[in-house]
Amino acid sequence: MDDLIIIGAGPAGLTAGLYAGLYGLQTRVIGESIGGELKFAPMIFDYPGVKAIKGSDWLDAILFQLKEAGAEIIEKKITAISRNDQGSFKVNAQDEMFETLSLIFASGNEKRRPQYSGSDLAKSLGIELTQENFILVDEKMRTNIPGIYAAGNCLQYPLGAEQLIDAAAQGARTAAQVYEYLKGKKAPLLWGKATIPNL
Ligand SMILES: Cc1cc2nc3c(=O)[nH]c(=O)nc-3n(C[C@H](O)[C@H](O)[C@H](O)COP(=O)(O)OP(=O)(O)OC[C@H]3O[C@@H](n4cnc5c(N)ncnc54)[C@H](O)[C@@H]3O)c2cc1C
C-alpha cells in the first residue's frame, strides 16, 4: 500500500513527488508522459534565480532529485481509480494495479491537451469540477473527497496559471498537505539537508 499516488508527471506531479519523497512518504508518480508540457519548453527564461534552462534539462534534474528522494516514477496511463470501503484507493495503470491512502491529481490542462484524462477519472470518484472541467480545491489544495488533492494546470486560472513556477510551488504545497492528512501534524521544513519542525 502506497501513502500517495500522484496522477501526472509534469512539473506539478514531479515536484509533489519530490517533496512527498523527502517527507518520507511511500510515493508513486504515474504519468502517461513523463515531463508533461515541460518536455516541449525549448528554453525557460522566467524561472526565478535561473538565467535560462531547457525544459528537458529541468526535467533531467528533477528526475535525479526524485530518485534521490526515493519516489517511484512510472510512465503509464491511469485508466481507472476506485475507492475501497476502508477509504483507500485502487489505481489501474494499464496492466498494473496499485493501492494508496491518498491521491494528488496533477493531470494538466485538458483544454490545451485533450489527450489528458484527469477530469474523467475525477468525475468517476465524485470529485467536484468547475463548469470547464477543472478540479475544484480549497485553500489546502483539497478536493471535496477526503484524501484527494490537486495541483497545477488541472486547476482553473488563476490557480492553474500555466507557469512552471506555479505548478512546482503547488506540487510542493500539496505534498505538505497530504503529509498533514496522513500524519496528523504539519510537514517539517526541508532546509538544505536539515529537517526542521514547522512551528
Ligand atoms: C512549448 C511550451 C513552452 C513553455 N515554456 C514555458 C516557460 O518558458 N516558462 C513557464 O513557466 N512555463 C512554460 N510552459 C508551461 C509549463 O510547461 C506548464 O505550465 C507546466 O508543464 C504545467 O505543469 P503541470 O504538471 O500542471 O501539467 P503538465 O505539464 O501538462 O503535466 C500533466 C501530466 O498529467 C499526465 N496525465 C494526464 N492524464 C493522465 C492519465 N489519465 N494517466 C496518467 N497521466 C496522465 C500527463 O501525461 C502529464 O504527465 C511551456 C509550455 C509549452 C507547451
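The values are calculated or read from the model by the stated rules, or taken from the named source; none is laboratory data. Because the structure is a prediction, the values reported are computed rather than measured. Every residue, glycine among them, receives a Cβ derived from its backbone with ideal geometry; neighbour counts consider all protein chains shown. The protein model used for the area step is the full one, side chains on, heavy atoms only, and it has no ligands, DNA or RNA in it. Shrake-Rupley method; radii C 1.70, N 1.55, O 1.52, S 1.80 Å.
Values computed for the structure shown
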{"item": "Chymotrypsin sites (Phe, Trp or Tyr not before Pro) within the range 1-55, DSSP loop, no more than 16 other Cβ atoms inside 10 Å", "result": "Phe45"}
{"item": "Structure-based [θ]222 nm, the chain - -39500 (n - 2.57) summed over DSSP H runs of at least 4, per residue, nearest 500", "result": "-9000 deg cm²/dmol"}
{"item": "Per DSSP, loop trypsin sites (Lys or Arg not before Pro) in the range 76-154 with at most 13 further Cβ within 10 Å", "result": "Lys111, Arg112, Lys140"}
{"item": "Gap separating the Cα centres of the range 114-161 and the range 3-78, nearest whole Å", "result": "19"}
{"item": "The chain, relative contact order [Cα under 8 Å, separation at least 6], %", "result": "23"}
{"item": "Rounded to whole Hz, the Karplus (6.51, -1.76, 1.60) HN-Hα couplings of the range 87-95, x for glycine and proline", "result": "x, 8, 10, 9, 10, 9, 10, 6, 8"}
{"item": "Average accessible surface area per residue within the range 23-88, 1.4 Å rolling probe, Å²", "result": "59"}
{"item": "Fluctuation leader among Ile30, Ile73, Ile53 - the chain, Gaussian network, Cα springs under 10 angstrom", "result": "Ile53"}
{"item": "Amide H contacts of Ser102 (H built 1.01 Å from N, under 5 Å, at least 5 apart or other chain)", "result": "Leu4, Ile5"}
{"item": "In the range 2-196, lysine pairs with alpha-carbon atoms under 22 angstrom apart (chain gap of 8 or more, or interchain)", "result": "25"}
{"item": "Sulfur and carbon atoms: percent of accessible area, the chain [1.4 Å]", "result": "51"}
{"item": "FRET efficiency for Glu72 and Lys183, using Cβ-Cβ distance with R0 set to 22 Å, rounded to 0.05", "result": "0.65"}
{"item": "Linear extension gain, Asp95 paired with Gln65, 0.36 nm per residue minus alpha-carbon span", "result": "8.1 nm"}
{"item": "Solvent exposure of the range 94-188 as accessible area per residue, Å², 1.4 Å probe", "result": "48"}
{"item": "Three-way shape label, the chain, alpha-carbon gyration tensor, a/c 1.5", "result": "rounded"}
{"item": "Phi-based couplings in Hz for the range 34-43 (Karplus 6.51, -1.76, 1.60; Gly and Pro marked x)", "result": "5, x, x, 5, 4, 4, 9, 7, x, 7"}
{"item": "For Gly108, distant residues with modelled amide H under 5 Å away", "result": "Asn153, Cys154"}
{"item": "Sparse-neighbour loop sites [trypsin sites (Lys or Arg not before Pro); the range 27-67; at most 11 other C-beta within 10 Å; DSSP]", "result": "Lys51"}
{"item": "Cα-centred dipole magnitude for the chain, charges only on beta-carbon of K, R (+1) and D, E (-1), debye, nearest 20", "result": "320"}
{"item": "Efficiency of FRET from Cβ geometry, Phe45 and Ser82, R₀ 35 Å, rounded to 0.05", "result": "0.25"}
{"item": "Of the DSSP H helices in the chain, those whose Cα atoms cover at least 18 Å axially and whose Kyte score averages -1.0 or more", "result": "55-69, 164-183"}
